1. Under a 1.4 angstrom probe, counting protein chains only, how are 529, 324 ranked by accessible area, largest first?
2. Could you calculate the contour length gain from residue 122 to residue 368, that is, 0.36 nm times the residue separation minus the distance between their Cα atoms, to one decimal place in nm?
3. Explain nothing, just the number: relative contact order of region 222-295, from Cα pairs under 8 Å at least 6 residues apart, as a whole percent.
4. With every protein chain present, what accessible area does residue 353 have (1.4 Å probe, heavy atoms only), rounded to the nearest 10 Å²?
5. Just by accessible area at a 1.4 angstrom probe, what is the order of 376, 245 from largest to smallest?
6. For labels at residue 517 and residue 633 in the simple 7 Å Cα→Cβ model, what's the distance in nm?
7. Using the Karplus curve 6.51 cos²θ - 1.76 cosθ + 1.60 with θ = phi - 60°, what ³J(HN,Hα) values do you get for each residue of region 517-523, in whole Hz, with x for Gly and Pro?
8. Residues in region 337-372, backbone N under 20 Å from the label point at residue 466 (7 Å along the Cα-to-beta-carbon vector): list them, ranges by number please.
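The values are calculated or read from the model by the stated rules, or taken from the named source; none is laboratory data. In this text the structure is predicted, and so the values were computed from the model without any measurement. Reconstructed Cβ throughout: ideal geometry from the backbone, glycine too, with neighbour counts over all protein chains shown. Protein only, heavy atoms only, side chains kept; ligands, DNA and RNA dropped before computing areas. Shrake-Rupley method; radii C 1.70, N 1.55, O 1.52, S 1.80 Å.
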Amino acid sequence: MHSAYERTSEYPAPNTQKTTVSSLLKRHGRAVAICCCAIVLARISKTEASYLLLTALFAYLYDSKWSMLVAAGGGLLAVCTFCLLPPWPFFSAIGTLSLRHVMFGLAFLFINYLIQSVRKSKAALRAAERQSQQVLDDAPIGIVFVDAGGGITQVNAAAAAIFGYLPGELIGRPLTLLLTDMLYEPCVETEIAGMHKSDGLLSTVVSFSKIGTCKRQLGVAYIRDVSAQKRSHDATLAEKQEVRLILEMLPGSVWITRPDGKLEYLTQSIVDFSGKTADELQDWTSYVHPDDIDVMRRGWERLVKESQAHYEFRFRRFDNVYRWFHCRTQAARDRNGNIVRCYGLILDIEERKQAEAALRAKEFDLGLLIETIPALVWRAAPDGQVDYVNRRVLEYHGLSAGTASPLELSKQVHPDDTDAVRRLWCLSVNTGEPFNALYRLRRADGAYRWFRMMSRPLHDDNGDIVHWYGLNIDVDDSVQTGEALRNLQTRFAHAAQTATIAELSASIAHEINQPLAAVIASSQACRQWLAATPPNFQKAQLSADRIVRDANAAAEVVQRIRALFKQTLPTKVPLDFNQVITDVLRLLFEEIAGKGLNVAVDLDDGLPSVQADRIQMQQTMVNLVRNAIDAMDNVRGRPRLLAIRSTRQADATILIEIRDHGVGIMDAGKLFEPFFTTKKEGMGMGLSICRSIIEAHDGRLWASENVDYGATFKFTLPILQAAS
């Protein structure tokens, strides 16, 4: 492309050469030669037709519409000159030259000059048109010329490119093909929707101006494609909106000021917090706590000097309550180092301040607690070197803060305990295991007292030890008390052995007393039957048999007790437990009848045999039945019922139940403990012995409260394998 003012070979430069004879011959020589030829021909032929021939030749040499007209005019002038100009006598005497020949030559030279001027004007016009078109094509905006009918008469390349056409495709087409709403009235930069050939709608800015009163040309439209700018503008607006939204969503408030401190932007959060507008907040000193105004001023000075500053201040809320804020500021500077904008972020730290105050209070309380706790508190580094002790440690050892070195503290341990304590402490430091030791520490007066030393490590997130925290508790009194207690326990053990012998004797007497009492009763009955008139020998014989039976039972009890002391196993034989129940009821018949009790017996006829010691089973049943009888001694106003039941269980055991309507169980938790009894004259050994006997036979004994009255004692025994 050429500039609008660039000259090329198509645009002839003006002739600035000096006019000479040679230049005149070069410029007009051809015309003079033609003129001379025409005169010679005219003189030879003696006719004026050569002038017409000259005109035709001129028209041929200058082949253009204007040249034809000028040549015709020149020929007409030559004819008029020859035909109309009368001969002058003065000139006829000149000889061969005639005035008409001279006039013809002058006319021809004048016509040639006019034609040369016309040619130059046309060349300049064509160059100007080409230059004008070049300027139009080089224009950065679209330019479209429109005729009176709204058709496009001329369009530059930029306009065609905007709408996706070639310039030749738009000539003669209506402008509405490109612009959807064109009024053809003078306007300045109006946004009108355009139609791209393939991409659809465009955003264009159009200005229109009319061209005089020309009938062919209505005006010219200047078109700029602003689609990219509009998209960029929309994107910029969206980005600004997004940035504003992000700023509003920050957990703080953002402000922007000019270098002179005048606010340019505030997030809505600080406006809502203060209840003031941005203009009202220009005077910020009215809303900052009076004690913090100097802090903010020093912060601003530091910002101007160092381009950033951090400070804390209190700001008044809309309800006149001050809250703590932390402000972070940053200054933006230009290339010359001058501040352009100042940016700030303020964060509400009221909760943090309150937490810090509470933490300080807790730290103070904790420090006070550590210093006043009645124990020796210390802290050690990860390598085990003590780096802190509380005041109690210093007071106990009689040391000062400057002399409480790790070496000096290690000297306070009793010499007999030093090696053991050092070995255990090194082991804990190397392994990270908690430390626990008992050793003696020297007091300020030189006395040694026993201490329990406990230490635990504190780990960081990576599992590394940060510190060891230790506590030394004075246990000297406990150690002395423990020693005295051990001595007392030795004496108590001896006394307990003596008491155990007495209790065991009472238990033996309790177990033997039952068969001996039966022997005495049977002896008295036998004597009464013999003293009767006449003597009843049959009854006496029956009583004597009972005496023999009960005496043998007493002997067996003694034998079993001896076996117990010798740690021999009980004599287990196949046993029909229904028979055991029958023997026990017969043994206690008179006692049951004497107290007027009702007895209900429900025995399983198919009850299998068990492997058990007969005497121990009888002893257990007698004890449980007698307890049931004693439980109903004071019952009045309701039936006193003793119920005994035997049955086979699904788990290959038999179940024996002794149920009474007595007073129930007083303390179920201690019921089977030795020496626990609810009877005035009881020893508290019966139920304990019963449970021991049942468990020795691989059974289980327990008790439960009845729904109505009394209690039920139950025990199970495993069935004999042969019986099962």
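1. Numbers: 529 95, 324 65 Å².
Output order, biggest surface exposure first: 529, 324.
2. Details: separation 246, 0.36 × 246 = 88.56 nm, distance 11.18 nm.
This chain segment gains 77.4 nm when fully extended.
3. Values: 37 pairs, mean separation 11.8, N = 74.
Contact order relative to length: 16 percent.
4. 50 Å²
5. Working: 376 10, 245 100 Å².
From most exposed to least exposed: 245, 376.
6. 1.0 nm
7. Running phi through 6.51 cos²θ - 1.76 cosθ + 1.60 with θ = phi - 60° gives 5, 5, 4, 4, 5, 5, 5 Hz.
8. Once the point is set 7 Å along Cα→Cβ of residue 466, 355-371 turn out to lie under 20 Å by backbone N, inside region 337-372.
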